[in-house]
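Data block below; observations after.
Please treat every number below as a calculation from the coordinates, not as lab data. In this text the structure is predicted, and so the values were computed from the model without any measurement. FYI the Cβ positions are ideal-geometry reconstructions off the backbone, even for glycines, and counts take in every protein chain you see.
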Amino acid sequence: MASIQVLPPDVAERIAAGEVVERPASVVKELIENSLDAGASAISVEIRDGGLSLIRVSDDGCGISRADLPLALDRFATSKIRTLEDLEAIHTLGFRGEALSSIAAVAHLEILTRTRDELEGSRLRAEGGEVVVEPAASPVGTSVTVRRLFYNTPARRKFLKSPMREGELVRQAVLRYSLAYPAVAFRLVVNGRETYVAPPATPLSGSGPRWGGRWPPRWSP
């Protein structure tokens, strides 16, 4: 039997990523939940080739500050809990801080974001373990672009279904969240064609959602 040894970081990260990212719909789920936790009133999801070549989730939420952006890819880095006591009163969809780091381990990742307090946005690019953060023009909110999912783990890619089936799983995920969060506007674009739009429902109080009726502007591809 071989001796026990600690796995290299790149190997450990890809194994851990498998616990979070099983297929394109898993990526969409994690990114939508991040958008909802950020207080988004409109969420746009775009995929190509069933999500294998491109996934982009854009929102008009609170955004990520430039100072915090490099931490977004660290495992267990989160803004949602601070102490053990916080675990007893979680009011968010995610809290472990593993989603973005797991996605970056098995795909090319780009985050374009700006907070309301910042005059200029920021762009983070992560490819092959290298992370670059730079100034960039951006509306308030966050757009996460995932390209070449599982490019470095071909065994996982081999067990995926056809692009059509994977795209249908993404559509089902968007549909479920739009039904669960009727006050949030959702849109799905598949291979450049808008296939699903769910405007926000009007509350019975008549106050209406804060969404202004326009989707967040298109972010740079």
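Overview of results
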quantity: Residue exposure sequence - 68, 117 - by fewest surrounding Cβ within 10 Å; calculated: 117, 68
quantity: Loop trypsin sites (Lys or Arg not before Pro), region 159-195, which have at most 14 other Cβ atoms in a 10 Å radius of their Cβ (DSSP); calculated: 161
quantity: Long-range amide H partners of residue 43 with built H, under 5 Å; calculated: 185, 186, 187
quantity: Residue order, fewest to most surrounding Cβ atoms within 10 angstrom, among 195, 153, 113, 145; calculated: 195, 153, 145, 113
